[in-house]
Each structure stands twice: as structure tokens, then as C-alpha cells.
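Structure, as C-alpha cells:
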Amino acid sequence: MKEIRFPCHIYDISDAQKVYEQSEWELVKDYGEYTALPDKTVLHDNYNWDEGGRRLVRCRECGALILRQHSMYNDMYDGPDGYYKDWIPVTSAEEADLLNILWGSMELEQYPFRHFRGNNHDFFWTEGDEPKPYDPEELKKKIREVYSGLDVGKKKLLEQMISEAGRV
Ligand SMILES: [Zn+2]
């Protein structure tokens, strides 16, 4: 297997429309519509508005991993559906799993570094510094802070999810 590149080679392509049309991806993991504890307690949705979800994909060109969120709203007057796509570069499946636990749908959209974004048929690179990998230990600490209000039993389930991060 090719070495994982960070971030993906798409960062070398300034034309985001071209990125969307020409990049090819392999599905690694489907996180579905929401993130939940093993007992089905929902921690957060994985999309904004009406429907959507998150996936981890691998670039067929360079092996890079991208965590993606897709959000759609269904127009109430029979107009075209609207959507947002956000592609967040990650260094490992563990990092992706931890970010998926930590971030609600708005937080992922507000990823602070430059990233690929689609809004309906408009594709562009957001403003921001070049992406930096997150430290998994820091992410685990933040997850424990964010969900510190859970009861003891649910905290145990959360720890189970944390320890299983990165397993395929
Ligand atoms: Zn790539």
C-alpha cells in the first residue's frame, strides 16, 4: 500500500471545480447520519438541515484520507435541493474517528484550516492556513471535556468508543 500523504495532492490543485471532477476516492468508512454511543445514545448529528452524513474516504491518487460531511436541505417549494460538502484532511483513521466523535455538524463545517467546500454546484477552497494534523491524545482530552456531563455508565461507553478509534 502507498504511504499516506498529508494533506491530499488535491491541495496542489487550485481550481476546486477540477478537484471535484477529476479526483477519485475509495470509501473507507461510513459514519452515517449521526454519532452515537454503543447503547444508541446520540451524541450529535453528522449533518445540518434535513439529511446528510459523514464518510472517511481514501484518495486513489495519493492515498490521503479525507473526512467528509454532506448536508442537504430540501426546498419546500419544489426548487432544487441545496447542499454543502466539506472535505477535511486527516492523517489516520484514528484521527478521523476521534474528530467524528468530537465535532458536531457545525464544528466540522467551521474547520479552521483551508479546505475544499462545495455549495450547490459551486466548488471552492476556503480561506485559512494550511491544515495541520491533530494530536490524537489532545482530541481524546477534548472529547472527555465536551462530554463530561454524561453519567458514569455512558462515560464508560464513551471510553470504549475512544479506545476503538482507528479500528476498521
Ligand atoms: Zn490525493
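Here ILE88, ILE4 are screened, and the one residue that is within 15 Å of the ligand (Cβ to nearest atom), modelled with pLDDT under 95 and surrounded by 12 or more Cβ atoms within 10 Å (Cβ to Cβ) is ILE4. Among the residues here, GLU127 qualifies as surrounded by fewer than 20 Cβ atoms within 10 Å (Cβ to Cβ) and either charged (D, E, K, R) or not in a strand (DSSP E or B) (or both). Annotation: of all residues in segment 8-29 being assigned to a strand (DSSP E or B) and surrounded by 12 or more Cβ atoms within 10 Å (Cβ to Cβ), the one that is nearest to the ligand (Cβ to nearest atom) is TRP25. Every test in (1) over 27 Å from GLU138 (Cα atoms); (2) among the acidic types (Asp, Glu); (3) under 13 Å from the mean Cα position of the chain (by Cα) is passed by ASP97 save one, and that test is (1).
For segment 102-123, filtering for residues that are surrounded by fewer than 11 Cβ atoms within 10 Å (Cβ to Cβ) and not in a loop (DSSP other than H, G, I, E, B) leaves 1. If you scan segment 47-71, which residues turn out to be touching a helix residue (DSSP H, G or I) at 6+ places or on another chain (Cβ under 7 Å), more than 16 Å from the ligand (Cβ to nearest atom) and in a strand (DSSP E or B)? The answer is ARG54, GLN69, SER71.
The values are calculated or read from the model by the stated rules, or taken from the named source; none is laboratory data. Quick caveat, the model's predicted, so the values are computed rather than measured. When we count neighbours, we look across all protein chains shown, and the Cβ atoms used for this are built from the backbone with ideal geometry, even at glycine.
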